[in-house]
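I have placed the structure first, in the form of structure tokens, so that the comments after it can refer back to it.
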Amino acid sequence: MQVHLLKSKIHRAAITAGSVDYEGSLTIDLDLMDRVGLLPYERILCSNMANGQRFETYAIPGPRGSRAIELNGAAALLGKIGDRLTIMSYTLVDQAVVAHWQPRVIVLGDKNAIVNERGI
């Protein structure tokens, strides 16, 4: 049997830009994506800590080192610059591995710099 478990999480990511006219997605600095094992175009679930909105989209790699977190398309209406997001992806894990499973998690601070990490 397999179960869905948290695979990757970027916690407290500050929105840096948004564009309603862009085709939907969330642009994320590729360095941050790599750190948590998030793949380009992978399905993600996002929650906005400022307004409680939750939405599903996919990750688009942004320029390395930019610390970009950009809402695109309809998602741009669900937050504003400075709002903090939790960005999550999930995977299927075999039941035999569940007891030892560790998601890859980073917590961001000012200017989307990594301030804490675990499971990495």
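Points to keep in mind about this one:
- Which listed residue, of S66, S8, S89, S25, is in contact with a helix residue (DSSP H, G or I) (Cβ under 9 Å, 6 or more places away or on another chain), at pLDDT below 95 and polar (S, T, N, Q): S25
- Note on the range 65-110: residues that are in contact (Cβ under 8 Å) with a residue 60 or more places away in the chain, outside any loop (DSSP other than H, G, I, E, B), out of contact with any Asp or Glu (no Cβ under 6 Å at 6 or more places or on another chain) and not aromatic (F, W, Y) total 15.
- Qualifying position, being among the small types (G, A, S) and at pLDDT 95 or above, among A99, A14: A14
- Residue list for the range 43-52, filter: buried (at least 16 other Cβ atoms within 10 Å of the Cβ) and under 8 Å from S89 (Cα atoms): I44
- Candidates in the range 76-120 are the residues that are surrounded by 13 or more Cβ atoms within 10 Å (Cβ to Cβ) and among the polar types (S, T, N, Q); of these, the one that is nearest to Q53 (Cα to Cα) is T86.
Matching residues to (1) at positive phi; (2) touching a residue at least 12 places away in the same chain (Cβ under 8 Å); (3) in a helix (DSSP H, G or I); (4) of a type in the set (G, A, S):
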position	(1), (2), (3), (4)
V3	no, yes, no, no
K7	no, yes, no, no
I10	no, yes, no, no
E23	no, yes, no, no
D31	no, yes, yes, no
D34	no, no, yes, no
I44	no, yes, no, no
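- Checked across the range 21-35, the condition of being under 23 Å from R118 (Cβ atoms) and of a type in the set (G, A, S) holds for no residue.
- Residue check, Y58 more than 20 Å from R118 (Cβ to Cβ), outside any helix (DSSP H, G or I), at pLDDT below 95 and hydroxyl-bearing (S, T, Y): no
The values are calculated or read from the model by the stated rules, or taken from the named source; none is laboratory data. The structure presented is a predicted model; accordingly, all values stated were derived computationally and were not measured. Neighbour counts are summed over all protein chains in view; Cβ atoms, including those assigned to glycine, are modelled from backbone coordinates with ideal geometry.
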